[in-house]
Amino acid sequence: MQTGSGCRARILLLGGTYEARMLAERIAREPDMEGLVSLAGRTNAPLSHDLPLRIGGFGGVDGLIRYLTASKISHVIDATHPFAAEISLNAQKASDFLGLPFLTFTRQPWRPVPGDRWVEVQDMVSAITALGVAPQRVFLGVGRQAAANFRHAPQHSYLLRIIDPPQNKELPLQCEIIVGRGPFALKDELALLQEHKINVVVSKNSGGEIGYTKIVAARELGLEVIMISPPKYQSKSVAYDYDTVMKFLAA
């Protein structure tokens, strides 16, 4: 597929994940491809990528259609976080409208293995209910924006690890903050959970390797994990590995 620039593929890569950064590296090495990474702007200091960065939203499906047309995009890759359902759905609708090749590049969700004590729930409200009434010491692996939901369960003490410091209005009432960016070693996750006397972990089922060490640590310590399933958005085309994405772009 030729574009006005003479490139075989002019790619919009919707990013925000480790996998998107690694994919950007591979695209940048291809002489017949050019690309742009778009980030939602949820973090104050995003990591660098090997492709140019665009920060911010598009203005819904209509705005994305206008952007794809004006930028002469030939392929769209959705490599956003598995819980970023709105932009994923908008990107597929806009690509379908324009007849552009569209691919979701995502992670296989985690599956429980022997030794895991999972309570699988569908959303944040169900996760709060699963915590119960009795006070617990909770490790929140749900991100900054979702943490505010747990203000509805003020009897618990929370440990929240995030990339950027939040505003107080975003926090549960009893909440300790750790600022950090993964990946985290298993020994450090074990030490963290033990030091803070955590007895239950709440996590989004984001899949992949980067965040999995906290799940392994919970297993080794015999802790319950309340696992929140990703949104039930189904992409028409999905890839779980880099080679498949590159073949899609080269076709």
Item to check | Percent carbon-and-sulfur accessible area, the range 137-236, ignoring ligands, DNA and RNA, probe 1.4 Å | outcome: 50 percent
Checklist entry - In whole angstrom, and with the biggest value first, how far do the Cα coordinates of the range 143-214 range along each principal axis? => result 30, 23, 20
Checklist entry - So how much slack lies between Ala85 and Arg29, counting 0.36 nm per residue of separation and subtracting their Cα-Cα distance, in nm? => result 17.2 nm
Checklist entry - For the chain: lysine pairs with Cα atoms under 23 Å, gap of 8 or more or different chains, count? => result 15
Next on the checklist: Can you give me the distance in nm between label points at Gln122 and Asp188, each placed 7 Å from the Cα along the Cα-to-Cβ direction?
Outcome noted: 3.7 nm
Item to check | For the range 98-157, diffusion coefficient by Stokes-Einstein and Kirkwood Rh (Cα), 4 °C, 1.567 mPa s, µm²/s | outcome: 89 µm²/s
Checklist entry - Quick one: accessible area per residue over the chain, 1.4 Å probe, rounded to a whole number of Å²? => result 50 Å²
Item to check | Cut-off 17 Å, label 7 Å out along Cα→Cβ of Ala130, residues of the range 192-212 by amide N | outcome: 199-208, 212
Item to check | Kirkwood hydrodynamic radius of the chain, from inverse mean 1/r over distinct Cα pairs, in Å | outcome: 19.5 Å
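The values are calculated or read from the model by the stated rules, or taken from the named source; none is laboratory data. Quick caveat: nothing in here was measured; it's all calculated off a predicted structure. We place every Cβ from the backbone using ideal geometry, glycine too, and count neighbours over all the protein chains shown. Please note that ligands, DNA and RNA were not included when accessible areas were found on the heavy atoms of the full protein model with its side chains. Shrake-Rupley method; radii C 1.70, N 1.55, O 1.52, S 1.80 Å.
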